[in-house]
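The values are calculated or read from the model by the stated rules, or taken from the named source; none is laboratory data. This is a predicted model, so every value here is computed, not measured. Here Cβ is always computed from backbone atoms with ideal geometry, including for glycine, and neighbour counts include all displayed protein chains. The protein model used for the area step is the full one, side chains on, heavy atoms only, and it has no ligands, DNA or RNA in it. Shrake-Rupley method; radii C 1.70, N 1.55, O 1.52, S 1.80 Å.
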Amino acid sequence: MNRLAVELPGLSLKNPIMPASGCFGFGREYAKFYDLSVLGAIMIKATTLEARFGNPTPRVAETPSGMLNAIGLQNPGVDVVLTEELPWLAQYDVPIIANVAGSTVEEYVEVARRISKAPNVHALELNISCPNVKKGGIAFGTVPEIAAELTRAVKEVSDVPVYVKLSPNVTNIVAMAKAVEQAGADGLTMINTLLGMRIDVKTAKPILANRTGGLSGPAIKPIAIRMIYEVSQAVSIPIIGMGGIESAEDVIEFFYAGASAVAIGTANFIDPYVCPNIIRDLPNVLDELRIDHISQCTGRGWNNGQTVYCGT
Amino acid sequence: MKENMTIIANRQIAKDIYELTLAGSLVQRMRTPGQFVHMKVANSGPLLRRPLSLCDINQEANECTIIYRAEGAGTMLLSQKLPGDTVDVLGPLGNGFSVSALSSGQRALLVGGGIGVPPLYELAKQLVNKGVFVTIVLGFQTKDVVFYEERFASFGETYVATVDGSYGMKGFVTDVIHHHRLSFHVLYACGPKPMLRALANEFPHQDVYLSLEERMGCGVGACFACVCRVPHSETAYKKVCSDGPVFRAGEVVL
C-alpha cells in the first residue's frame, strides 16, 4: 500500500506534496536539484493569454518569518507554455496543475480552454486571488458572485477539473468557497498570499516597487490553518492546502485542518530540496502518529478521527 | 549544491566590512569569479538566504572567502558567528566573469565600487595567472570602508577613489579612469548601478562586463524576483541570479 497516495478530482497523486504556483517556475530550475517525478504534482507558474513582464523591482522584501512578493504574474503567455514548458515537463512522471490567470473573464476562459487540452495538464487552478496585479486577479477573488460567474465560465470550457485558488484577503472566506463550489468548482486551493507592505526606515519609501505585495511563508501558516478548518467543514469538495508549510509535521497539521493534499511555496526558496525531504519524512511522521494512510488525517482537527474526504 | 560549511575565520577588515573564510567540499565546485553563494545564516532569524559573491577560491585548502557588509539582520547575525560555527550554503550559483575573454599579454581594467569590490579579487587572481595584465580601480564612500587595496596592488597597478576625498583621489571611479587615461582590452566591473551605468555609457564600443546586484528570493531562477529588462522589448527579461549576475554591457537595461 502506498500510504501517501491520494485521489482527487483529475489527480491520482503518488503523494500529496506539490510545489505551489509561482514558487517553482515551470520546474526547470529545480530539476537541476532532483528528479521532478518524485513530486505528487506540480502547480506551474500562473499563465495569461499574452506574455507579461510583471512589476518593476524590487519585487521581494523580507518580513518576520515571511516574505512579501510583487512579481506581477510574469509569464511567457499561454502559447509558449503550451509549446515549450508543458512538453518539456512531459518527460517527468508527474501530473501538472496549470494556474490560469487573466484580467477579464474572456482571458481566463481562453487560457483555460487552451491549456486544459495539454496531455499532462490534469487540473486547472483558477487564480482569482493574485494581489499584485492592478486588473483582474484579486477583483475576481473578493466578490462571491463574480468568482462564481468566472468559475462557471471556465468550467464550461475546461477539459479537466477546475480548482479555485481562494484569497485570504476577504471578510468571509466560507462564502467565497461556497459560491465557487455551487458554481461547479471541483476543488479549492487555499490560501494565496495576504496583502502586506513594508516601508524603508531610512528613506520612508515602500521597499517594494509595487508598494504592496503578497505575504507568504511561515508567518501566514496559522491563518491558512484557520481558514482551511472553517472552509473544509462548509464545503464537500477537496482542498489543497498551502501557506507557510516547511516540514512533514506542517503537512499533517494542514491535513488535520481539512486539506486533502498540500502545496509548498516559499520554503522552496530557502531549501531547494524541501519537497523531496518532506515526502521522505512523511511516512516516519505517520508512524509516530500511528496513522496508516495520509488521507486518514484529513479533517481530524474537527471530526474526531473520521475520514471526511477520501476520493478512493 | 548545498552544504553546512565551517567558518574558519570571520574578521572585521574595515568599518562594517567583514572577511569570512569557509571550508567545505562545495569549494571544489567553485571555479568562476563573479559567481555567488546563497547563504542561510541561522535556522532562527531571517527566513531567506543571502546572496554573497565569492571573493577568493582556494581549492587546495578547500576554502573560500566572502566579504560582506554587516548592514541588515542577516549580515549582522553573520558578523557574530565564530570560527567553528557552520552556515548553510547553497551554490555556487550564477554565471561569473568570462576570464577567457582575454589572452596572455592583453590588459584588463577591473573597476569595483564599495561592496562590489570582492568578486574582482578572484578575477584578478585568475587573470594574472593566465598572463593578463590588470589595472584596478576601487571606489569607496569614505576612508573608513576602504579594504583590500594592498591585496589588489600585488596583482597590478591599483587606484583608490573616495567620494568624500578622505582617501585616494576625491571623486568617482570614472574620474580615476579619466585622470590616468587608463586603457584596456576588456573592462570588468561590479558595484552600484549608477557606477555600472556610467561605465557602460563611457565605453559603448568596448568589451565591458558588468556584475549586477538585485534583491533575490530563490537565487536559482524560479521566483522571478530579480529580473531586469532587455533593451527594445516589452516582455523580454534576464534573471540576475541565473542568467547573470554578470552581463555584457548592453545585454540588459541598467
Notebook entry, point to check: Which parts of segment B:207-226, residue by residue, lose 40 Å² or more of accessible area when the rest of the protein chains are there, as against the chain isolated (1.4 Å probe)?
Noted result: B:Arg215, B:Val220, B:Ala222, B:Cys223, B:Phe224, B:Ala225
Check: Quick one: accessible area per residue over segment B:60-169, 1.4 Å probe, rounded to a whole number of Å²?
Finding: 39
Next item on the list: For the protein assembly as shown, build the charge dipole from Cβ charges (+1 Lys, Arg; -1 Asp, Glu) around the Cα centre, then report which of B:His205, B:Asn43, A:Ala98 sits farthest towards its positive end.
Entry: B:His205
Notebook entry, point to check: With each label point set 7 Å from Cα along the Cα-Cβ vector, what nm distance links B:Ala61 and B:Asn201?
Noted result: 4.2
Notebook entry, point to check: If you roll a 1.4 Å probe over segment B:104-194 with all protein chains in place, what percent of the accessible area is carbon or sulfur?
Noted result: 53
Next item on the list: Quote the charge dipole size of the protein assembly as shown about the Cα centre in Debye, to the nearest 20; the model charges only the Cβ of Lys and Arg (+1) and of Asp and Glu (-1).
Entry: 840
Note to self: Using the Cα centre of segment B:2-93 as the reference point, and only Cβ charges (+1 on K/R, -1 on D/E), how large is the resulting charge dipole? Debye, rounded to the nearest 20.
What the structure shows: 240
Note to self: Before we go on, tell me the buried accessible area for the B/A pair, both chains summed, 1.4 Å probe, in Å² to the nearest 100.
What the structure shows: 2500
Notebook entry, point to check: From the residues A:Leu282, A:Met67, B:Thr75, which one has its Cα farthest along the dipole of the protein assembly as shown in the positive direction, the dipole being from +1 and -1 charges on Cβ of Lys/Arg and Asp/Glu about the Cα centre?
Noted result: B:Thr75
Note to self: Kirkwood hydrodynamic radius, segment A:179-312, all distinct C-alpha pairs: what's the number in Å?
What the structure shows: 16.1
Next item on the list: Starting from the amide H of A:Gly244, placed 1.01 Å from N in the peptide plane, find each other amide H under 5 Å away whose residue is 5 or more places distant or on another chain.
Entry: A:Gly217, A:Gly265, A:Thr266
Check: Just how large is the dipole of chain A about the Cα centre, in debye to the nearest 20, putting +1 at every Lys and Arg Cβ and -1 at every Asp and Glu Cβ?
Finding: 700
Notebook entry, point to check: Measuring from the lowest to the highest alpha carbon on each principal axis, how far does segment B:2-93 reach, largest first, in angstroms?
Noted result: 31, 27, 25
Item checked: Ranked by how many other beta carbons lie within 10 Å on average, peptides A:22-32, A:252-262, B:145-155 from highest -> A:252-262, A:22-32, B:145-155
Item checked: Descending Cα extents along the principal axes, segment B:159-204, whole Å -> 30, 22, 14
Next item on the list: Please list A:39-50, B:177-188 highest first by mean number of surrounding beta-carbon atoms within 10 Å per residue.
Entry: A:39-50, B:177-188
Checklist line | Distance histogram in 20 Å bins (all Cα pairs of the protein assembly as shown, percent per bin) | finding: 21, 49, 25, 5, 0
Next item on the list: Please report the base-10 log of the normalised intensity I(q)/I(0) for chain B, using a Debye sum with one equal scatterer per alpha carbon and no solvent, at each q in 0.10, 0.11, 0.15 (1/Å).
Entry: -0.46, -0.56, -1.08
Item checked: At q = 0.18, 0.19, 0.21 Å⁻¹, base-10 log of I(q)/I(0) for segment B:110-254 (Debye sum, equal scatterers on each alpha carbon) -> -1.05, -1.14, -1.30
Note to self: I want to verify the translational diffusion coefficient of segment B:104-194 in µm²/s; compute it with Stokes-Einstein, Rh as the Kirkwood radius over Cα pairs, at 4 °C and 1.567 mPa s.
What the structure shows: 101
Checklist line | Estimated Rh, segment A:96-231: Kirkwood, alpha-carbon pairs, angstrom | finding: 15.4
Check: Out of residues 5 or more away from B:Asp56 or on other chains, whose amide H comes under 5 Å of its own, with H placed 1.01 Å from N in the peptide plane?
Finding: B:Thr65
Next item on the list: Specify which residue in the list B:Val186, A:Leu89, A:Trp302 is farthest towards the positive end of the charge dipole of the protein assembly as shown, using unit charges on the beta carbon of Lys, Arg (+1) and Asp, Glu (-1), about the Cα centre.
Entry: B:Val186
Check: Which value in nm describes the separation of the simple spin-label points at B:Lys130 and B:Asn43, placed 7 Å from the Cα toward the beta carbon?
Finding: 4.3
Check: Taking segment A:232-312, which trypsin sites (Lys or Arg not before Pro) meet the DSSP loop condition and have no more than 11 other C-beta atoms within 10 Å?
Finding: A:Arg290
Item checked: segment B:2-93, accessible surface, carbon-and-sulfur percent (1.4 angstrom probe) -> 44
Checklist line | Computed Kirkwood radius, in angstrom, where 1/r is averaged over Cα pairs of chain A | finding: 19.1
